[in-house]
Amino acid sequence: MTHHESEHEAVAAAPIGPGRIALWVIAAGLAALFITLRLNLSAGIDVTRWLVLIPLMPAVACLINGVFVNKLPKPLVTALAVGSVGVSFFISVILFIHLKITGEPIQQVMYSWMAAGDFSVNVSFTLDGLSGLMALVVTGVGWLIHIYSIGYMAHDESYSRYFTYLNLFTFSMLVLVLGDSLPLMFVGWEGVGLCSYLLIGFWFTDNEKATAGKKAFIVNRIGDMGFVIAMLLLFWIVGALDYTTLAAQAKTVSPMWATVICLLLFFGATGKSAQIPLYVWLPDAMAGPTPVSALIHAATMVTAGVYMIARLSFLFVLAPSAMMTVAIVGALTALFAATIGLFQYDIKKVLAYSTVSQLGFMFLGVGVGAFAAGIFHLMTHAFFKACLFLGSGSVIHGMHGEQDIRKMGGLDKLMPITSKTFFVACLAIAGIPPLAAFFSKDEILYKTFAVHYGAPSWLGAALWLTGALAAACTSFYMFRLYYLTFSGESRAPEEIKKKGIHESPYTMTIPLIVLAFLAIVGGWVGMPHIFHALPNYFEHNLEETLSVANNAVGVVHGSAMLEWGLMLISTAIALGGWIVARALYKDARSDVPARMKEKFAGIHKVIFNKYYVDEGYFYAFIRPTLNLGLFLWGFVDTYLVDGVLVKVSAWLVRSAGMGLRLVQTGNVQTYLLAFLVGAAALLAYLWQGTSL
Amino acid sequence: MSWLTTITLNHFLVLAVLLFTLGMIGVMLRKNGLIVFMCIELMLNAVNLAFITFAAMHGNEVGHTMVFFVMTVAAAEAAVGLAVFVALFRNKVTVYVDEAADLKL
């Protein structure tokens with residue numbers, strides 16, 4: 001009997017299963033929510049002072065679990081780690097409702113972090129429409145993934161270390177979104193980068209995984225350099241780094257400097273959010289545990305770049321050419337990554353390239369001036385991509401670590417809940433109406449065609465075409481993945497079949513169901529304006545934060561016909577991709593894919609090997625760097641540093657010491673002579689020019 | 001040759017300089033600790049003479065005050081210094097300063 005089966009029996013034998021506990025937790029949280037809201041209204045408790053608790057909760061849990069790592073009992077570790085994020089989520093919900101009732105952004109200043117002359121940075125948090133939404137996504141999706149991790153990591157010997165890192169990540173991400181100045185965002189930005197590194201290389205004894213962690217860390221540092229330089233330039237030009245002052249004085253930045261700063265900021269975003277040219281780390285980042293891929297490398301951290309551009313939208317609208325760059329890079333990344341996704345066989349690699357591609361859509365959105373649409377896609381993407389990743393994690397868990405979809409198939413009977421939620425998320429990401437991505441992706445594509453801020457019309461149309469092609473690929477590879485994994489007969493090797501392929505425990509399936517539900521309804525908050533009767537709560541929520549940018553971009557007066565037409569095309573593309581994928585891969589009966597592969601062997605090989613970008617980077621950057629390092633070590637260090645600098649300077653000091661040693665006779669009378677000569681010289685100097 | 005017949009304040013200063021130089025040469029050249037010590041006293045008294053002379057030049061008593069200070073400090077210094085030489089003699093049976101070189105490398 002394997003340990004997986006024994007755990008199943010333990011779950012069945014226990015009086016209260018983890019699923020029921022989860023339900024109780026949610027019920028208790030809802031009750032607490034209503035009580036607090038009533039108290040806030042009637043007894044006048046100032047809930048706005050709870051804002052700091054949102055990031056603080058996971059920080060405290062991380063400290064406790066981190067200090068007593070592997071010493072606390074497992075249930076306590078779980079309660080601290082999962083509970084703290086849950087509390088953060090409920091506080092976020094309370095404060096968001098408070099924000100919606102009062103309409104006033106909540107701000108809380110903790111203390112003065114650094115002050116020099118006129119410049120000062122406070123550690124202070126702010127919750128407006130944008131950061132409130134991000135906090136909800138981070139804590140909400142994050143909480144579900146924490147719950148999922150209880151099941152997924154149950155048998156890992158570094159259970160408490162895992163949750164320590166995960167809490168540290170949640171804390172950093174919340175500082176990133178809630179902090180109200182660029183330095184504070186940078187603290188969170190680096191914090192999530194560190195946690196990403198720690199969690200990718202979580203199983204660090206495997207050299208490949210440790211290397212993947214290092215790759216992510218180094219590539220991110222390259223991008224961060226842009227962020228830091230942009231921040232320093234802003235300090236140099238404006239003299240302040242908090243959003244309020246920056247927004248008020250953004251007009252004083254000349255267009256040239258605005259372009260430079262925005263391009264540097266975007267370079268930082270390409271590192272964190274895996275865009276061309278720095279996307280290469282994200283597919284490798286799949287070496288980490290799957291819930292980490294879902295939380296960090298799909299739902300939250302990688303969207304930080306999009307958040308940053310939306311947060312600084314008042315600056316980006318001053319630099320139309322920088323925005324055009326953002327849009328072009330976004331659209332190219334979307335298509336480029338989607339084509340790679342077409343031919344991958346690793347279930348997580350497909351999802352990784354899909355994430356890169358979807359992030360490209362978000363950048364396309366913010367790049368053409370549709371900031372709200374970009375953030376909208378960020379939110380819906382967090383739902384369906386987290387669902388897909390957690391679903392793939394459930395598959396990997398049930399398949400005892402197998403990730404190759406060629407060895408799967410037939411899982412829909414063995415894993416019904418995973419299969420159904422995965423299918424829903426596939427529909428959502430493909431853009432089938434009325435699921436989430438239909439609304440968000442369609443909004444981006446429509447705005448690309450109609451708004452294209454800072455870009456000429458033909459470029460808008462070209463970007464739309466690129467995006468539409470990427471959407472077609474997306475639909476195709478997602479359903480290819482679904483049918484290869486879940487439909488037909490099982491192709492699993494005998495030894496895996498013998499161990500027994502099984503559905504995952506409740507702690508894993510409940511988050512899947514919740515996320516699948518969100519993937520269905522998540523788009524309904526942002527109805528396109530051609531549905532006159534239905535309100536667009538989403539855009540309304542971000543109106544105040546994005547007001548400067550929206551005024552600059554202006555109101556789009558696209559015709560309803562155009563929007564309906566583009567919407568129909570999007571839907572047709574999504575359905576087309578589905579139908580083709582279904583015909584080719586359902587039940588793995590068709591031999592067309594194999595024949596196509598033979599016919600276009602050359603193209604297939606190039607795309608399957610990811611366009612040899614990693615190899616290109618190796619020859620263009622890594623090998624020269626290695627050679628430079630060898631030269632510096634073999635020649636400069638050995639001969640120049642050790643030979644000349646170290647030995648010569650040591651010889652100099654030694655001989656000087658040998659000489660000066662003779663001066664120190666130990667005889668007071670010699671010293672007195674020196675004293676006399678010195679005094680005489682001093683007096684002679686003082687007397688020079690004075691007539692006696 | 002009026003400087004031979006009339007004694008002015010400058011003569012006192014010259015005497016002070018000569019005494020000081022004599023004392024300093026003694027401190028630098030002699031190895032006998034007691035002689036060195038006496039030379040130091042000679043230097044101090046040369047300074048005292050100079051102070052008195054300057055006081056007379058300026059017509060006030062500030063110089064005298066300094067002389068009393070110097071004499072007091074010199075007395076204390078003599079007590080301590082002689083005690084050091086007594087201790088040195090008890091340990092090494094010598095008062096020559098160049099023989100007290102135990103701490104030298």
For the range B:34-42, in order, what is each residue's ³J(HN,Hα) by Karplus, 6.51 cos²θ - 1.76 cosθ + 1.60 with θ = phi - 60°, in whole Hz (x at glycine and Pro)?
5, 5, 3, 4, 5, 5, 4, 4, 4
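Before rounding to the nearest 500, sum -39500 (n - 2.57) across all DSSP H runs of length at least 4 in chain A and divide by the residue total; then give [θ] at 222 nm in deg cm²/dmol.
Working: 32 runs with 481 residues, N = 692.
Theoretical 222 nm ellipticity from helices: -23000 deg cm²/dmol.
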The exposure ranking of A:Ser457, A:Ser392, fewest beta-carbon neighbours within 10 Å first, is A:Ser457, A:Ser392
For the range A:220-296, max minus min Cα coordinate along each principal axis, in Å, sorted largest first?
46, 23, 15
Could you check the spin-label model distance between B:Leu29 and A:Trp524? Points 7 Å from the Cα along Cα→Cβ, value in nm.
11.4
In the range A:382-483, taking the dipole from +1 charges on Lys and Arg beta carbons and -1 charges on Asp and Glu beta carbons about the Cα centre, the listed residue (A:Ala382, A:Gly410, A:Tyr446) farthest towards the positive end is A:Gly410
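What ranking of A:Val219, B:Val17 emerges when the number of other C-beta atoms within 10 Å of each C-beta is taken as an exposure proxy, fewest first?
Details: A:Val219 24, B:Val17 13.
Ordered from fewest to most neighbouring Cβ atoms within 10 Å, A:Val219, B:Val17 come out as B:Val17, A:Val219.
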Pull out the extension gain between A:Val641 and A:His400, defined as 0.36 nm times the separation in residues minus the alpha carbon to alpha carbon distance; nm, one decimal.
81.5 nm
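Which loop GluC sites (Glu not before Pro) in the range A:515-570, with loop taken from DSSP, have no more than 16 other Cβ atoms within 10 angstrom of their Cβ? Kindly include the intermediate steps, with their values, before the conclusion.
Working: sites: A:Glu539, A:Glu543, A:Glu544, A:Glu563; in loops: A:Glu543, A:Glu544.
Sparse-neighbourhood loop GluC sites (Glu not before Pro): A:Glu543, A:Glu544.
Let's see if you can work this out: charge +1 on each Lys and Arg Cβ, -1 on each Asp and Glu Cβ, no other charges. What is the dipole magnitude of the range A:538-692 about its Cα centre, in debye to the nearest 20? Provide the component values of the computation, followed by the final result.
Working: 12 positive and 11 negative charges, 167 e Å.
I would put it at about 800 debye.
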Part-to-part distance (alpha-carbon centres) for the range A:316-380 and the range A:667-682, which is given in Å:
80
Alpha carbon centroid spacing (whole Å) that separates the range B:19-59 from the range A:137-161:
89
If all Cα-Cα distances of chain A are sorted into 20 Å bins from 0 onward, what percent lands in each bin, rounded to whole numbers?
17, 47, 24, 7, 4, 1
What number do you get for the range A:396-493 when its Cα radius of gyration is normalised by 2.2 N^0.38 Å, N = residues?
1.40
For the protein assembly as shown, what is the charge dipole size about the Cα centre, in debye to the nearest 20, if Lys and Arg each add +1 at the Cβ and Asp and Glu each add -1 at the Cβ?
1280
Can you tell me how much longer the chain between A:Leu652 and A:Ser559 gets when fully stretched, taken as 0.36 nm per residue apart minus their C-alpha distance, in nm with one decimal?
25.2 nm
Label-point gap, in nm, between A:Ser158 and A:Tyr345 - each point 7 angstrom along Cα→Cβ:
2.9
If R₀ is 25 angstrom, what is the calculated FRET efficiency for the pair A:Ala679 and B:Ala76, using the beta carbon separation as r and rounding to 0.05?
0.55
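Can you give the % of DSSP beta bridges in the range A:78-146 that are antiparallel, to the nearest 5?
100
Using the 10 angstrom Cβ neighbour count as an exposure proxy, how do A:Ile603, A:Ile106, A:Ile147 rank, fewest first?
On the way: A:Ile603 13, A:Ile106 21, A:Ile147 26.
Taking fewest neighbouring Cβ atoms as first place, the list is A:Ile603, A:Ile106, A:Ile147.
Just checking the output field for B:97-103: average partner chain Cβ neighbours within 10 Å of each residue's Cβ? Working shown, then result.
Numbers: counts 3, 5, 0, 2, 3, 1, 1.
Mean number of neighbouring Cβ atoms from other chains: 2.
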For helix A:371-398, report the angle its Cα long axis makes with the longest principal axis of the Cα atoms of chain A; keep it between 0 and 90° and round to the nearest 10°.
80
Tilt relative to chain A, helix A:255-272 - C-alpha long axis, 0 to 90 degrees, to 10:
70
For the range A:211-275 the mean separation of alpha carbon contacts under 8 Å (6+ apart) over residue count, i.e. relative contact order in percent, is 51
I'd like the orientation of helix A:3-13 relative to chain A: the angle between its Cα long axis and the longest Cα principal axis, in ° from 0 to 90, rounded to 10.
70
In vacuo Debye sum over C-alpha of chain B, base-10 log of normalised intensity I(q)/I(0) at q = 0.10, 0.15, 0.21, 0.24 Å⁻¹, listed in q order, is -0.40, -0.74, -1.08, -1.23
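Whole number please: convex hull volume per residue, Cα atoms of the range B:21-80, in Å³.
On the way: hull volume 3.5 nm³, N = 60.
Per residue, the Cα convex hull of the range B:21-80 comes to 59 Å³.
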Directionally averaged projected area (convex hull, Cα atoms, the range A:479-598), nm²
13.2
List the relative contact order of chain A as a percent without decimals, with contacts defined as Cα pairs under 8 Å and 6+ residues apart.
12
Placing one identical point scatterer on every Cα of the range A:171-258 and ignoring solvent, what is log10 I(q)/I(0) from the Debye formula at q = 0.12, 0.16 Å⁻¹?
-0.47, -0.71
What is the distance in Å between the Cα centroid of the range A:63-89 and that of the range A:596-661?
43
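Beyond 20 Å, how much of the Cα-Cα pair distribution for the range A:506-567 remains, as a whole percent?
Values: 928 of 1891 pairs.
Cα-Cα pairs of the range A:506-567 separated by over 20 Å account for 49 percent.
Once the convex hull of the C-alpha atoms of the range A:32-178 is built, how many Å³ does it hold per residue, rounded to a whole number?
Details: hull volume 18.1 nm³, N = 147.
Output value, Cα hull per residue: 123 Å³.
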What shape does the range A:282-353 have by the C-alpha gyration tensor, where a ≥ b ≥ c are the square roots of the eigenvalues, rounded means a/c under 1.5, and otherwise prolate means a/b greater than b/c and oblate the rest?
oblate
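Where a number appears in this text, it was derived from the coordinates with a stated rule and is not lab data. Computed from a prediction, not measured in an experiment: that's the story for all the values here. Because the Cβ atoms are built from the backbone with ideal geometry, glycine has one as well, and the counts that use them run over all protein chains shown.
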